[in-house]
Structures are given as C-alpha cells and as structure tokens.
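Below: the structure, in structure tokens.
The values are calculated or read from the model by the stated rules, or taken from the named source; none is laboratory data. Note that this is a predicted model, so its numbers are computed, not measured. Positions of Cβ are backbone-derived with ideal geometry, glycine not excepted, and every protein chain shown enters the neighbour counts. Side chains are part of the model used for accessible areas, which takes the heavy atoms of the whole protein and leaves out ligands, DNA and RNA. Shrake-Rupley method; radii C 1.70, N 1.55, O 1.52, S 1.80 Å.
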Amino acid sequence: MLQLQHIRAQKEAFIAALKKRNIDAEPLLNQVLDLDEKRRATQTELDSTLAESNKLSKEIGMLYKSGKAAEANELKAKTAELKESSKKLGEDLNTLATELQEVLYQIPNIPNALVPAGSSEEDNEEVFREGEIPKLIEDALPHWELAKKYDLIDFELGVKVAGAGFPVYKGKGARLQRALISYFLDKNTEAGYTEIQVPHLVNEASGFGTGQLPDKEGQMYHVTGDNLYLIPTAEVPVTNIFRDDIVKVDDFPIKLTGYTPCFRREAGSYGAHVRGLNRLHQFDKVEIVRVEHPKHSYEALDQMVEHVKNLLRDLKLPYRILRLCGGDLGFTSALTYDFEVFSTAQDRWLEISSVSNFETFQANRLKLRFKDENGKTQLAHTLNGSALALPRVLAGILENYQTENGIKIPEVLVPYCGFDIIS
RNA sequence: GGAGAAAUGGCAGAGUGGUCGAAUGCGGCAGUCUUGAAAACUGUUGAGGGUCACACCUCCGGGGGUUCGAAUCCCUCUUUCUCCGCCA
C-alpha cells in the first residue's frame, strides 16, 4: 500500500511511474486525495466536537463534586446535541476511511527506475545468463516421461488422492526432493539466514499484510469453515511475523529462511505448458525473506540475487536472470528479478525463483516499522525470494542430467541423496 | 469439547465510574560523579491522527453498548492460563 503522504507530495511522479505498469493511475490517485481530504476535514470536525464534550464532562464532574447538582444537570442537557453530532461524524469518518482503504488497496507499488517498460513477459530484460546447455542424448525425454520411466513421480495417483496438480513423489523422486530441501536450507543458513518453520495456513490479516488479499483472482485456497487461507508462498507467514512490529535499527539485517509447501489454485491455467511439474496446485519451496533499512534494501536485493546464482551454479544448471518489465511486475513489488532454468528436453525456460524488493509497500500494510538513528519511527523495507522452488528445479535436473544409463545426480546433492544415479 | 480465571506501556505490575495515556519497579536513553567502568543520583522514555509549531483528538486484546463521563459496568468475539475429557 502506498503511503498517503507520498501520494500527496508526488502525485504526478507516481502517475508517470505507474504508466510503466500500463495503468492510468490518475483517477485512482485523485480519488485517494479527495477521500483523504474529506476524511481529514471530518476528523478535524469530530475532534473539536469531542474536545468540547470532554470539556463539558469534566465540568460536570467538578460540579457534582462541589455539590452543585442543579448546575451539573443544566450542563448535561447541553451534551445531548454534541453527542449526536459526534456519533454522526464518527460514522462518516468510518465510511470515508473504509472507502479510502479500498481505493488504496487497488493501487500497485511504484516500479523502481530500473524496471523496463513493457506489457508482457516478452518485454522482460535479460540481465544475466550462465551455465552450459547440455547436448542431450538422442532419445531424450521431457521430465514427466522420465518421472514415469524411473517411477519417481506418479501424477495419476495424485489425481486419485486429491486432483490434478497434486503429484505423488515416490522412492528416489521423493528422496531427491527431500535432498533439495535440505540442501537449500543448509546453503541459506550458511549465508546467514535463520531457519524457521511457520504455519501453512494463515488468517485474513496476514493475507492483507503481504498483499495476497484482497484476492480478486481467487488464487488462494480458502478454508471457509475457519476463515483461514492455505499459503501460496512462505512469504506470507514469514513476513507477517513482523506485522505491527517496531524493530530496532540494530536488528537489521533480518534474514530468515523457511521451507513450506505452497498452495495455488492457478485458476485459468491449463494446456501443454502446465504439464508435469511445470505448474502445480501444491509444490515445495524454500524461501528467503529479509527486513531491511531503506538505505540498504537494494544492496540486500543484490546479495539475494547473488546467493540464488550460487545455488544454481552449484547445481550446474543453465539459467538466466530477467529483470521484470512493468507489465509483468507483481502488484506489490518495486523491482523483481526472475531466475529461469533451461528445461532442455522441453526447450523452454522455467521460472524457478523470483527475488523482489517491496520497499515500504508491504511494510505500510503490515505496520512494520523501525526506530531509526534519530529515534524516529519509520517504515522498514521487506524483500523476499525463492531459494528455490522445487518442482522446476527437479524438472531441470531430470532433463539436463539424463544419460543413456540413467539420471545422474548433481554432485552437491549426492551426500543428501545417498545415491549418485537414478537408473 | 465441558467448567473456571485472565488480557493494561519493551517487560513486570497497580488502577473497579471523573483531574488516568495511566502509579511503581525493571529495562532503554541522556547527564552528574569516575582515569575508565560499576554503583549511586538526576532527568527522560508508547503508538497513531492533526498542526509551521502548539492546541486538540484517538488507542488499556477486537467489536458493540450503558453513562454527561469507561482501563474501570454490561454484551459479544478472540487469545492465554488452570482443571476435566479426547488425542498425534
């Protein structure tokens, strides 16, 4: 959520910046300013009404104390009118504040200056590429065929138990998955991230805090009986740890990592691109989350990008990094780098990580603040990234590491797997 | 799931209808003293709105109510604790 003071101060700049997202924010921003002005006017009026009735109440109290009941009763009669108008003003204020909130919720974050213009993923800017795309064997298979051939993943069984998009991992497939989770958590911990385990269901307040709610597209699974949501990413529970917090400036940098399953309804996705592990309703992901001083958040973003690079280097997977264009940038993000691994047998790139700086956008919703060097309270910056999303890494490994004799295991994973080939 | 108790500032803990945004202690910060530190002493120390700055307003778990006036009384929800039941 954008900060009101900022909208007041730099409306024009915001309109210009939001053009990169291909939206005309002017009507919304005008609406915000209009509602804000009305809200403040109502607030002022209410405040002075309350001030007056507070004053009267005190006088009445003193009159009673000194035994002047008649005078007190006289004053009491005067309070009725004040009471009525403050009640009405309070209701107006509520309505205005709610409306204002609703409009603010509709406005996405201001893209960073580095964000390229563009309308779709076609316009994302490749900023880095590394790793060799392997020459595959003659009868190379896509990962879903490999999964079947070596009995690693059973998609049909998942359909039986839950539905499409809920695979069952078996034997060495399950073990490889577990190895990846352990490996990522170990590497993240080495890099200074503290491992935590968080709930996989969150309440409404958490959903609003990180920006998944209001959920217009219905992307989250909603447990209506208890009004809880299945997390679409660990970002939600991990970042919400800091909701309503004021941290100390010495607490920075705050670096956390956690493994969770992620649940996404993926309404509207279907077709060949969602085959196999490409897009699932439930998948595993190891996430890194940071809370930073605004001065250092872009430094932190670079460090996170560097860290994810190292993970992929270690796995020896060919990958590229994209800087997302305005049209592809997430609602809450100011700057996002996507990592894509090359899925050789499918001959396409698969997104396996998304590393973002949200600046104060989430912090403002979360009321996540810190006391700065001068003792002033200000909003912190939040960041997060996948390190990494499992299924597509698995797809990349299966496809890129296939040989005539089976699927080799990346060297760094062998100690975690306990085997070096799937055959 | 049943019965009871509770929820106050960073923490502990007073406060049961008026001048209480809230005693006191601890912690934090600044200062005095000290070669330095500790101790002691003095001062300071919640958040949000509003203002050029004040004034002023709101907040004692959330929401609603009674009253001229609510941290204090009533209703409701949530959470925590104790006991019982069930249970990985």
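Give me the net charge for the shell around A:Val161: Cβ to Cβ below 13 angstrom, other residues only, Lys and Arg +1, Asp and Glu -1. Numbers along the way, then the final one.
Details: positive: A:Lys160, A:Lys170; negative: A:Asp154, A:Glu156.
It works out to a net charge of 0.
A:Asp420: net charge of surrounding residues, Cβ under 9 Å, Lys/Arg +1, Asp/Glu -1, itself excluded?
Working: positive: A:Lys408; negative: A:Glu411.
Around A:Asp420, the surrounding residues sum to 0.
Give the long-range amide H neighbours of A:Leu228: residues separated by 5 or more places, or on another chain, with amide H under 5 Å away, using H modelled in the peptide plane at 1.01 Å from N.
Correct list: A:Val223.
Hey, what did chain A get for relative contact order, percent, Cα under 8 Å, at least 6 apart? Walk me through the numbers on the way to the answer.
Working: 788 pairs, mean separation 84.1, N = 423.
Computed value for chain A: 20 percent relative contact order.
Using modelled backbone amide H atoms (1.01 Å from N, in-plane), which distant-in-sequence or interchain residues come within less than 5 Å of A:Ala387's amide H?
A:Val286, A:Glu287, A:Ile288
Given a 1.4 angstrom probe, I'd like the percentage of the accessible area of chain A that is carbon and sulfur, rounded to a whole number.
That fraction is 49 percent.
What is region A:16-131's relative contact order, in percent, from Cα pairs under 8 angstrom and six or more apart in sequence?
Numbers: 70 pairs, mean separation 49.4, N = 116.
For region A:16-131, the relative contact order is 43 percent.
Enter the accessible area of A:Glu122 (Å², nearest 10), with the probe set to 1.4 Å and all protein chains included.
Using a 1.4 Å probe on the heavy atoms, I get roughly 150 Å².
In a shell of Cβ-Cβ distance under 12 Å around A:Leu301, excluding A:Leu301 itself, what net charge do Lys and Arg (+1) and Asp and Glu (-1) give? Let's see the in-between values first.
On the way: positive: A:Arg290, A:Arg323; negative: A:Glu292, A:Glu299, A:Asp302, A:Glu306, A:Glu359.
Net of charged neighbours comes to -3.
In whole Hz, with x marking every Gly and Pro, tabulate ³J(HN,Hα) for region A:234-249 from phi via Karplus 6.51 cos²θ - 1.76 cosθ + 1.60, θ = phi - 60°.
5, 3, 5, x, 5, 5, 5, 3, 9, 4, 6, 9, 10, 8, 8, 4
Report the one residue of A:Ser297, A:Val412, A:Val127 whose Cα lies farthest in the direction of the positive end of the charge dipole of chain A (charges on C-beta: Lys and Arg +1, Asp and Glu -1; origin at the Cα centre).
About the Cα centre, the residue reaching furthest to the positive side is A:Ser297.
With a bin width of 20 angstrom, please list the P(r) values of region A:121-422 as percents of all Cα-Cα pairs, from the 0 bin to the one holding the largest distance.
Per 20 Å bin, starting at 0, the Cα pair percentages come out as 33, 58, 9, 0.
Taking the dipole about the Cα centre of chain A, with the C-beta of Lys and Arg at +1 and of Asp and Glu at -1, give me whichever of A:Ala174, A:Ala234, A:Val223 is farthest to the positive side.
The residue sitting farthest along the positive end of the dipole is A:Val223.
Amide H neighbours of A:Ile421 under 5 Å, at least 5 residues apart or on other chains, H built in the peptide plane: list them.
Distant-sequence amide H within range of A:Ile421: A:Ile409.
Once the dipole of chain A is set up with Lys and Arg at +1 and Asp and Glu at -1 on Cβ about the Cα centre, which of A:Gly396, A:Ala25, A:Asn364 lies farthest towards its positive end?
Working it through, the farthest residue towards the positive pole turns out to be A:Asn364.
Return one number: the angle in degrees, 0 to 90 and rounded to the nearest 10, between the long axis of the Cα atoms of helix A:171-190 and the longest principal axis of the Cα atoms of chain A.
50
With angles folded into 0 to 90 degrees, how steeply does helix A:69-105 sit against the dominant principal axis of chain A? Use alpha carbons for both and round to 10.
Orientation of helix A:69-105: about 20 degrees from the principal axis.
For region A:4-105, please report how many Lys pairs fall under 24 Å Cα to Cα, leaving out neighbours fewer than 8 apart on the same chain.
29
Take the Cβ-Cβ distance between A:Ile23 and A:Phe419 as r, set R0 to 60 Å, and report the resulting FRET efficiency rounded to the nearest 0.05.
Working: r = 51 Å, r/R0 = 0.85.
FRET efficiency, A:Ile23 to A:Phe419: 0.70.
Compute the accessible area per residue over region A:220-377, keeping the other protein chains in place, probe 1.4 Å, unit Å².
Details: 6030 Å² over 158 residues.
Per-residue accessible area for region A:220-377 comes out at 38 Å².
State to the nearest 20 debye the size of the charge dipole of chain A about its Cα centre, where the only charges are +1 on K and R beta carbons and -1 on D and E beta carbons. Intermediate values should be presented prior to the final figure.
Numbers: 51 positive and 63 negative charges, 184 e Å.
Roughly 880 debye for chain A.
Compute the orientation-averaged projected area for region A:266-399 from the convex hull of its Cα atoms and round it to one decimal in nm². Kindly include the intermediate steps, with their values, before the conclusion.
Details: hull surface 37.0 nm².
Averaged projected hull area, Cα only: 9.2 nm².
In region A:293-420, what is the count of Lys pairs whose alpha carbons are under 18 Å apart, counting only pairs at least 8 residues apart or on separate chains? Kindly include the intermediate steps, with their values, before the conclusion.
Numbers: A:Lys295/A:Lys371; A:Lys295/A:Lys376; A:Lys316/A:Lys408; A:Lys367/A:Lys376.
So the count works out to 4.
Please give the helix A:26-65 orientation as an angle from the longest Cα principal axis of chain A, in degrees from 0 to 90, rounded to the nearest 10.
40
Find the all-direction average of the projected area of the Cα convex hull for region A:4-105, expressing the result in square nanometres with one decimal place. Mind dumping the intermediate values first?
Details: hull surface 30.5 nm².
That works out to 7.6 nm².
Quick one: compute a quarter of the convex hull surface over the Cα atoms of region A:5-49 and quote it in nm². Can you show the working numbers first?
Numbers: hull surface 12.6 nm².
Averaged projected hull area, Cα only: 3.1 nm².
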